[in-house]
Every structure is written in structure tokens, then in C-alpha cells.
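The structure appears below as C-alpha cells.
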Amino acid sequence: AGAAYSIKAGSPFTVAPGQTQNVTVAFAPVAAGTFSTNLIVASNGGASTNALTGVGVTPAQLAVSPLSWNFGAITTGGVAYASFTATNSGGAPLSGTASVGLPFAVVTNGSFSLAGFASTNVVVQFAPATTGTWTSNVVFTSTGGSSTNAVSGMGLTPGSIAVTPATLNFGALATGTTAQASFVVTNSGGTAVSNGTAIVSGGPFTIVSGAAFSVSGLGSTNVVVRFAPVSAGGFTNSVVFTTANGGNATNTVSGAGAVAPVA
């Protein structure tokens with residue numbers, strides 16, 4: 001039958017009148033490619049030529065990238081996602097599964113099938129319920145081998161601001177002069193607080209720095225307020241602090257304007 005093919009059974013043969021006989025041919029390619037030849041059957045009852053064709057493909061072989069994934073720090077109760085790419089570098093079809101321990105989970109393509117030289121994304125989520133550093137392995141098993149890929153991440157407490165002091169009292173100040181004092185905005189959580197604003201409306205109070213702020217986890221920043229009375233009298237107002245993810249606060253500012261004495 002020619003190279004890559006061999007007769008495994010049924011040759012030579014003797015066939016009684018009216019009977020049949022099987023001839024078993026094996027195909028065993030040693031390289032990738034298409035192989036064609038003919039099966040030649042010769043007998044005292046005539047001859048026959050039958051075509052044989054087969055395709056040799058490389059074995060299925062699993063490859064997964066990247067080797068590891070660090071989700072970084074996220075707030076407890078939140079969810080982050082990342083993808084691993086599973087690739088079949090062989091020509092034969094491949095089937096496999098992916099699994100990982102909590103607080104990680106495979107959410108897409110936990111079971112997958114890949115044609116020769118195809119690939120797919122396996123999506124893993126990180127959803128820490130408590131604070132701390134977490135590590136695990138995504139274990140890929142398949143008909144084309146296995147792969148173990150590390151995942152890690154950190155769970156942080158939510159950002160939360162506190163503003164001190166509760167009240168800024170500038171005391172008595174001569175009209176036409178100014179004084180400045182600071183509020184301290186502290187983030188008691190591990191997650192950074194973003195898009196913070198400080199606003200005071202009306203009266204002789206203004207924000208001179210820190211009107212827009214962000215505070216890193218467990219960090220603090222200053223918001224500076226100016227008091228500039230132009231008339232005599234007592235003044236009270238509120239500074240309103242708002243953030244995108246760390247809560248809000250309202251703190252009081254007060255002061256008195258006094259006419260300077262004339263000798």
C-alpha cells in the first residue's frame with residue numbers, strides 16, 4: 001500500500017465462492033501532511049486498485065498565557081475580571097477545563113474545545129469578601145496537556161472620609177484683612193477616595209486650595225479656607241465635602257468682622 005500505510009490483516013487471503021474477506025489497512029503518518037496511495041489487490045480472480053488518502057496532523061498541545069495575573073487592589077465587595085488565552089498549538093482537536101479556588105472563579109469557558117491551532121479566552125473573576133492578600137492557581141487540564149497559572153489580588157476596605165475639626169472658628173478679624181485655616185480630610189479606608197470636592201457658598205469664606213481632592217488609602221489632605229470680612233458682624237457658614245466613593249461631610253466655619261479702632 002505504500003509509505004504511511006501498512007496491511008495489518010487479511011493478506012494473503014483465500015476466499016471461498018460467494019464469500020467475503022476483510023483486508024485491514026493501517027494509516028500511521030510520521031509527519032504532518034496529506035498522504036495518498038493505492039491499495040493493490042492481486043489474485044487468481046482478477047486485480048483491484050483502491051485509492052487510500054489520509055491527513056497527518058500534529059498532536060493537540062495546550063498553551064496558556066499569561067503565566068500569571070495580578071488583579072491588584074480592589075475594594076471588598078467589588079469584582080475585577082481578567083482573561084487567560086488558551087491556545088491549541090497542535091493540529092488535532094483539543095478539549096479541556098479550567099478551575100480555580102475562591103475568592104477567584106472561572107466565569108467564562110470553564111469547559112472549552114479548540115480546533116487545531118485555535119484559541120479562546122478563559123475569564124477569571126476576583127471578588128474578595130474580606131481584606132487581605134489572596135493567591136491561587138488556575139488549573140487547566142486538557143487532552144493536549146495541562147497548565148497551572150497563578151492569580152493574586154488584594155482586598156481593601158472601602159474608602160471613607162472624616163474631616164477635622166468639626167468647626168473652624170476664625171475669631172474676630174478686622175474688616176479688610178484676611179485669615180486662613182485648614183480642614184484635614186482623612187481617608188480611613190484602604191481604597192483611594194477620588195473626585196472629592198469642597199464647597200462653601202456665600203459670606204466672607206472661600207476655598208483657596210484643596211477644593212478638588214483625592215485621598216490615597218489611609219492618607220490625608222488639607223483643604224484651606226480663607227475668612228475675609230468686609231463688614232462688622234458675626235458670620236457662620238458650612239463647608240460641604242463630597243466624594244465619588246468615600247462618603248460626604250459638612251463642617252462649620254465661623255468668624256466675626258470688627259471695625260479697627262481709631263485713636
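The values are calculated or read from the model by the stated rules, or taken from the named source; none is laboratory data. On a predicted model such as this, the values are computed, not experimentally measured, just so you know. A quick note on method: Cβ atoms are made from the backbone with ideal geometry, for glycine too, and the neighbour counts reach across all protein chains shown. Accessible surface areas use protein heavy atoms only, side chains included; no ligands, DNA or RNA. Shrake-Rupley method; radii C 1.70, N 1.55, O 1.52, S 1.80 Å.
Data table
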{"quantity": "FRET efficiency estimate (nearest 0.05) - Cβ-Cβ, Ser99 to Thr53, R0 30 angstrom", "calculated": "0.15"}
{"quantity": "Ratio Rg/Rh [Cα only; Rh per Kirkwood] for the range 218-263", "calculated": "1.17"}
{"quantity": "Karplus-derived 3J(HN,Hα), 6.51/-1.76/1.60, for each residue of the range 176-183, Hz, glycine and proline x", "calculated": "x, 10, 9, 9, 10, 8, 10, 9"}
{"quantity": "Rounded percent of accessible protein surface that carbon and sulfur make up, the range 1-144, 1.4 Å probe", "calculated": "54 percent"}
{"quantity": "Computed over the range 1-100, Kirkwood Rh from alpha-carbon pairs, angstrom", "calculated": "18.9 Å"}
{"quantity": "Taking the range 67-211 and dividing mean pair separation by its residue count, relative contact order in percent (alpha carbons under 8 Å, at least six apart)", "calculated": "23 percent"}
{"quantity": "Isotropic mean projected area of the C-alpha convex hull, the range 69-187 (nm²)", "calculated": "11.3 nm²"}
{"quantity": "Solvent-accessible heavy-atom area per residue, rounded to whole Å², over the chain at 1.4 Å", "calculated": "53 Å²"}
{"quantity": "Equivalent ellipsoid, the chain (semi-axes from 5 times Cα gyration tensor eigenvalues, Å)", "calculated": "85, 15, 11"}
{"quantity": "Amide H within-cut-off set for Phe213, under 5 Å, with H built and near neighbours excluded", "calculated": "Gly196, Thr197"}
{"quantity": "Cα-Cα pairs of the range 137-220 separated by more than 14 Å (percent)", "calculated": "75 percent"}
{"quantity": "Whole-number percent relative contact order across the range 42-103, with pairs defined as alpha carbons under 8 Å at least 6 apart", "calculated": "40 percent"}
{"quantity": "Integer Hz, Karplus 6.51/-1.76/1.60 couplings in order for the range 217-233, x for Gly and Pro", "calculated": "x, 6, x, 8, 8, 9, 10, 9, 10, 10, 10, 9, x, 10, 8, 6, x"}
